[in-house]
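The values are calculated or read from the model by the stated rules, or taken from the named source; none is laboratory data. Just so it is clear, the model here is predicted, and its values are computed rather than measured. Cβ placement follows ideal geometry from the backbone for every residue including glycine, while neighbour counts extend to all protein chains displayed.
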Amino acid sequence: MNKTIDLSLALALALVFTFFNLAMAAPSLEIGDVTGLPGGTVQLPISLTNQAGVGISALSTDIIIDDDIFSNVTIDIGPAGEDAKKTIFDDFNDTDTCRIGIISLSNNTVIEDGVVAYLTLTIGSLVSNQTINIVHNGSGSNSYGESVSVNAIQGSVTIDSTSGSQADINSPDFYLTLLDNTNRILQSGSVTHVYGSQGENKITLQSGALAKLFNFPGSNSIIIEASTGQFAISRSGATVTFQGTDGTLLVMPATTTPQSIIFNDKRLNLKIYSGKVLLGDQTIN
């Protein structure tokens, strides 16, 4: 009899602890870690990871941004937010705080795991060789409008003036002349100088490939096998440099004809418009 009671008590306690642990587990909202160059632009993914039994249909967070270091702050919806048909709302009223909301006024669809938003920052040109933590808080609500605790995980921007040296980009392993719109793949670890044609050109940079493009006047497609958050983007005149933390390096001219830059997670147009060099809606300074 005592053994039966003891077994029942043990099972009851196990169930209590199981439910307690489930109750304590919270979805997480995490800002990514990236490396950028002084004067360059970086994009940090903001990712949601759900917990079983907890459905998030709206998110909000306040991100602390040091305006002595960063400028041109923008927020864009990510694929997980788009899939749930959410909209980004942002508020920059406080000089060092960006408040964002990822919500919908017309649906209470649960947001699945993935990148819900992108935070884009321009690094000051005089800042180098330090890591800046991007701290935020997070909150959410479920499809019933009830508050849900969210574990906010900070991100970081490492500013390294020595990363992304372009010395090797001027010593090509290969020369490639494009004669048609056949997609040509540039291998990881190789340095290639690519000469385009008047028509549509298409190339793919494997992660870790280095390429310098010449004579690309048309409506071209450049596929980069990496995510946008891995890149610092800068320019000199109309020449744009994409420097990836994975070793990818792309140097190419912007023109008045839009060129598609296709990352793993996003497709953006590079173009010159009204005297500005634009990648998507972002001005490259």
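Scanning the stretch 67-88 for residues that are outside any helix (DSSP H, G or I) and surrounded by fewer than 16 Cβ atoms within 10 Å (Cβ to Cβ) gives Asp67, Asp68, Ser71, Asn72, Val73, Lys85, Thr87. Scanning the stretch 89-131 for residues that are within 16 Å of the chain's Cα centre (by Cα) and surrounded by fewer than 18 Cβ atoms within 10 Å (Cβ to Cβ) yields a single hit, Asp113. Gln282 falls short on exactly one of the conditions (1) buried (at least 20 other Cβ atoms within 10 Å of the Cβ); (2) in contact (Cβ under 8 Å) with a residue 40 or more places away in the chain, and that condition is (1). Of note, Thr74 does not satisfy the criterion of being polar (S, T, N, Q), modelled with pLDDT of 90 or more and in contact with a strand residue (DSSP E or B) (Cβ under 6 Å, 6 or more places away or on another chain).
This table checks each residue for (1) over 22 Å from Ile75 (Cβ atoms); (2) assigned to a strand (DSSP E or B); (3) among the small types (Gly, Ala, Ser).
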site	(1), (2), (3)
Ile111	no, no, no
Val116	no, yes, no
Thr120	no, yes, no
Ser125	yes, no, yes
Val148	no, yes, no
Val157	no, yes, no
Ile169	yes, no, no
Gly189	yes, no, yes
Thr192	yes, yes, no
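In this structure, Ala238 does not qualify as of a type outside the set (Ser, Thr, Tyr) and surrounded by 20 or more Cβ atoms within 10 Å (Cβ to Cβ). Per this entry, Val148 is counted among residues that are surrounded by 15 or more Cβ atoms within 10 Å (Cβ to Cβ) and in contact (Cβ under 8 Å) with a residue 12 or more places away in the chain.
Taken as a whole, the structure leaves Ile134 outside the set of residues that are over 22 Å from Phe92 (Cβ atoms), buried (at least 21 other Cβ atoms within 10 Å of the Cβ) and at pLDDT 90 or above.
Each row is one residue, and each column tells you yes or no for (1) in the same structural domain as Leu37 (by TED's automatic domain parsing); (2) without any contact (Cβ under 8 Å) to a residue 40 or more places away in the chain.
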| residue | (1), (2) |
| --- | --- |
| Thr109 | yes, no |
| Thr122 | yes, no |
| Asn129 | yes, yes |
| Ser141 | yes, no |
| Phe174 | no, yes |
| Thr182 | no, yes |
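Residues in the stretch 191-204: is at least one touching a Phe, Trp or Tyr at 6+ places or on another chain (Cβ under 7 Å), in the same structural domain as Leu176 (by TED's automatic domain parsing) and surrounded by fewer than 17 Cβ atoms within 10 Å (Cβ to Cβ)? Checking the stretch 191-204: at least one residue is touching a Phe, Trp or Tyr at 6+ places or on another chain (Cβ under 7 Å), in the same structural domain as Leu176 (by TED's automatic domain parsing) and surrounded by fewer than 17 Cβ atoms within 10 Å (Cβ to Cβ).
Taking the condition in a helix (DSSP H, G or I), outside the structural domain of Phe242 (by TED's automatic domain parsing) and either within 21 Å of Gly140 (Cα to Cα) or more than 16 Å from the chain's Cα centre (by Cα) (or both), does Gly53 pass? Taking the combined requirement at face value, the residue does not satisfy it.
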